[in-house]
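To start, the structure under review is shown below, and the notes come after it.
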Amino acid sequence: MSQENSNYPYEPEFSLKKLLNDRVSDIKYVLKFKKSLALVIIIGALLGALAAWLKRPTYTARLTFVVDDSKSSGGGGGLSALAGLAGFNLDGLGGASGVLAGDNVEELIKSRKLIKKTLITAYDTTQTLADRYATVNKLNSKWLKYSPDGKIIRFPLNGINNTRLQDSLLHEMTELILADEFGIAKTDKKLGFFEVNATMKDEKLAQLFCTRMINQSTDFFISTKTKRLRDNVTRLQKRADSIGIILNHKTYSVAVANQSILDLNPAYTTANANIEVKERDKIVLSTVYSETVKNLESSKTMLAQETPTVQIVDEPELPLKKNKLKFYIAIPTGMLLLGIIFSFYILLTRKETKI
C-alpha cells in the first residue's frame, strides 16, 4: 500500500518563510544585472519624459444644473424623504412618474440624437463643431479614403442635405464622444443637481459642446414634457379667436338691425322676430366664447405649472481645466514600468535555463 501511495505526486505544505526567501533570491538575482537594469531605468525615464512632452493636453468643461419640477417633487414628498434617510430612492413613485422624470434626465442628455444635433452647430463662421472635432482628432486624413472626390469631408450647418456618408461619420464621432469624452452624473442622489463634463483636445470646442448640449437637452426636455398641454392651449386659442370674430360680426349685425327697425312700420312684426333671433345667437356665442376663454386661461395656468425649470448653476468659463501628463508623474512611471518588465524578463529567462 505504501508503494502505491508513493506513485502520487507529493504536494509540499505552504511556507511563508520559503516564499519570502524565494522573492529575496529573485531580487538578488536581478541585482546581478545592475548595469543593464540602470540602463533600462534610464531609458524608461527618457520614454516617460518623451510621452509627457508629446502627449497633447485636453481641456475639461464642467457645467452644473438643477431641474426644478414642482409637479414631480410634489407627489410622495414625505415618503421619498423618509426613504432617502434609509438610502432608498422612490423618485419613480407618486408625482415623479413619467419618461423624463428622475434619473432618466441623465440618459436623455447622453442621447445620440442630441449629440449629433449639437455637432452640426456652428464653431465659428467657417466650420461646425463636427468639422473642428474631426480636425482636432485627425479624423480628416483617416476619412479621406471614404471621400468620393478626394477632398476633406465637411459637415454643413444644421445637417442640411446630409449624405449617407456624413451621417455615418457623425455616428462614429458620437460613439467616440460617448466612450470617454462626455459624461453626466448626479452630485448627490438625494438632490436634483447634475454635473456635465466634456473633455476634448480643443478648449473652445469643449466649452461650446458642453453648453450647447445642455441647451439642446433643455429644449427637448421642456417641449416633450409640456407637448400635450401646449397642443391643448393652441387648439383653445384658435377656437377662441374664431368664435371672437363671429361674435363681433353678430354684434355689428344686431346693431344694424336695431337701427333699421326705427324706420319700419310697427305693423311688420317679422322685423322684431329677426332682431330677436340675432340677439339670441349673440347671447349663445357670448356664452360659448366666455367658457372657451375660461378654459384657455385655465390651460395656460396648467401649462405654466407643468413647465419644468432647468437652471444652470455653474457654466464652463475660459480658461478651462487643462489636463496634461506631468513630467514628475510620467518619468517615475516610465522608470518603474520598464524596470519591472526587465526584471520579469530576466527572471523568466533564468527559469527557462534551469529547466
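The values are calculated or read from the model by the stated rules, or taken from the named source; none is laboratory data. Remember, predicted model here, so these are calculated numbers, not experimental data. No Cβ is skipped: glycine too gets one built from the backbone with ideal geometry, and neighbour counts run over all protein chains shown.
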**Q.** Out of ASP219, ASP241, sole residue that is at pLDDT 90 or above, surrounded by fewer than 15 Cβ atoms within 10 Å (Cβ to Cβ) and not hydroxyl-bearing (Ser, Thr, Tyr)
**A.** ASP241
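Each row is one residue, and each column tells you yes or no for (1) at pLDDT below 80; (2) closer than 30 Å to LYS326 by Cβ; (3) touching a Pro at 6+ places or on another chain (Cβ under 7 Å).
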| residue | (1), (2), (3) |
| --- | --- |
| GLU4 | yes, no, no |
| ALA38 | no, yes, no |
| ILE42 | no, yes, no |
| ALA45 | no, yes, no |
| ALA61 | no, yes, yes |
| PHE65 | no, no, no |
| SER70 | yes, no, no |
| GLY76 | yes, no, no |
| LEU85 | yes, no, no |
Q: Return the total of residues in the range 6-36 being at pLDDT 80 or above and of a type in the set (Gly, Ala, Ser).
A: 2
(Q) Looking at THR199 and the list (1) within 25 Å of VAL66 (Cα to Cα); (2) of a type in the set (Ser, Thr, Tyr); (3) modelled with pLDDT under 85, which single condition is not satisfied? (A) (3)
(Q) Against the definition (without any contact (Cβ under 8 Å) to a residue 24 or more places away in the chain and crowded, with 19+ Cβ neighbours inside 10 Å), how does ILE153 come out, yes or no? (A) yes
Q: Out of the residues in the range 174-195 that are assigned to a loop (DSSP other than H, G, I, E, B) and touching a strand residue (DSSP E or B) at 6+ places or on another chain (Cβ under 7 Å), state the one that is modelled with the highest pLDDT.
A: GLU181
Q. Do we find that ASN248 is farther than 30 Å from GLY192 by Cβ and at pLDDT below 85 in this structure?
A. no
Q) Which of the residues belonging to the range 49-59 are buried (at least 16 other Cβ atoms within 10 Å of the Cβ) and at pLDDT 85 or above? A) THR58, TYR59
(Q) With the condition being within 24 Å of GLN207 (Cα to Cα), out of contact with any His (no Cβ under 6 Å at 6 or more places or on another chain) and at pLDDT 90 or above, I'd like the helices (runs of 4 or more DSSP H) fully within the range 94-173 carrying at least 2 qualifying residues. (A) 112-119, 129-136
**Q.** Selection from the range 107-157 of residues that are closer than 20 Å to LEU208 by Cα and among the hydroxyl-bearing types (Ser, Thr, Tyr)
**A.** SER111, THR118, THR121, TYR123, THR125, THR126, THR128, TYR133, THR135
Q: Filter the range 276-290 down to residues that are among the hydrophobic types (A, V, I, L, M, F, W, C) and farther than 12 Å from SER253 by Cβ and give me whichever is surrounded by the most Cβ atoms within 10 Å (Cβ to Cβ).
A: VAL288
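Conditions (1) assigned to a helix (DSSP H, G or I); (2) in contact with a Pro (Cβ under 9 Å, 6 or more places away or on another chain); (3) within 19 Å of ILE43 (Cβ to Cβ), marked per residue:
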site: ILE283; (1), (2), (3): yes, no, no
site: THR292; (1), (2), (3): yes, no, no
site: LEU303; (1), (2), (3): yes, no, no
site: GLN311; (1), (2), (3): no, no, no
site: LEU318; (1), (2), (3): no, no, no
site: LEU325; (1), (2), (3): no, yes, yes
site: TYR328; (1), (2), (3): yes, no, yes
site: PRO332; (1), (2), (3): yes, no, yes
site: LEU338; (1), (2), (3): yes, no, yes
Q. Just to be sure, is VAL313 outside the structural domain of ASN197 (by TED's automatic domain parsing) and exposed (fewer than 13 other Cβ atoms within 10 Å of the Cβ)?
A. no
